[in-house]
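Here's the structure, in C-alpha cells; my notes come after.
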C-alpha cells in the first residue's frame with residue numbers, strides 16, 4: 001500500500017493488485033459481473049469502446065462509498081475505485097481487445 005496526502009491534507013491510500021493466474025482472473029471477472037446490477041452491466045457493455053484505450057486496457061470506476069457499503073456500482077466520479085484490466089488479443093489491437101471484452105462481459109449478462 002502506498003500512502004499519499006491529498007490537496008486538502010486528506011490521506012490517500014493506493015492499493016494495487018495484479019492478477020496473473022487464469023483461475024484468479026476468471027473468478028474476479030465472474031464475481032465482478034455478478035455484483036453489478038443489470039443496468040450497470042448493460043451500461044458497461046454499451047460503453048466498452050469508450051472505456052478501452054488503444055493498448056487494450058479497460059478502464060472501470062466503481063463508487064468508493066458504495067463499495068464500502070458492499071455495493072458495486074459504476075461511476076464516473078473522482079471518489080472511486082479504479083479498475084484497469086488488460087484485455088489481450090493476438091495480434092494486439094483495440095478492436096481485438098474490444099471483441100474479447102464483449103465476449104467476456106456481455107455474454108455473462110443475466
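The values are calculated or read from the model by the stated rules, or taken from the named source; none is laboratory data. In this text the structure is predicted, and so the values were computed from the model without any measurement. All Cβ positions, even for glycine, are placed from backbone atoms using ideal geometry, and neighbour counts span all protein chains on display.
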**Request:** Only residues that are modelled with pLDDT under 90 and surrounded by 12 or more Cβ atoms within 10 Å (Cβ to Cβ): list them for region 1-37, please.
**Result:** none
**Message:** For region 88-108, give me each residue that is farther than 14 Å from residue 44 by Cβ and modelled with pLDDT under 90.
**Reply:** none
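Restricting to region 66-87, count the residues that are within 14 Å of residue 43 (Cα to Cα) and either in contact with a helix residue (DSSP H, G or I) (Cβ under 7 Å, 6 or more places away or on another chain) or modelled with pLDDT of 95 or more (or both).
At the first step, the residues of region 66-87 found to be within 14 Å of residue 43 (Cα to Cα) are 72-76.
Among the residues that remain, those that are also either in contact with a helix residue (DSSP H, G or I) (Cβ under 7 Å, 6 or more places away or on another chain) or modelled with pLDDT of 95 or more (or both) are: 72-75.
The qualifying residues number 4.
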**Complete:** Per the filter on region 54-65, residues within 22 Å of residue 34 (Cβ to Cβ) and either crowded, with 16+ Cβ neighbours inside 10 Å or at pLDDT 95 or above (or both) are 58, 59, 60, 61, 62, 63
**Request:** Identify, by number, the condition in (1) at negative phi; (2) touching a strand residue (DSSP E or B) at 6+ places or on another chain (Cβ under 7 Å) that residue 56 doesn't meet.
**Result:** (1)
**Message:** Need a quick list: strands (runs of 3 or more DSSP E) entirely within region 1-63 having at least 2 residues that are in contact with a helix residue (DSSP H, G or I) (Cβ under 9 Å, 6 or more places away or on another chain).
**Reply:** 57-63
**Asked** Hey, among the residues in region 72-110 that are without any contact (Cβ under 8 Å) to a residue 24 or more places away in the chain and part of a loop (DSSP other than H, G, I, E, B), which one's surrounded by the most Cβ atoms within 10 Å (Cβ to Cβ)?
**Response** 75
**Item:** Flag for residue 67 being touching a strand residue (DSSP E or B) at 6+ places or on another chain (Cβ under 7 Å), assigned to a helix (DSSP H, G or I), closer than 18 Å to residue 15 by Cα and touching a residue at least 12 places away in the same chain (Cβ under 8 Å)
**Value:** yes
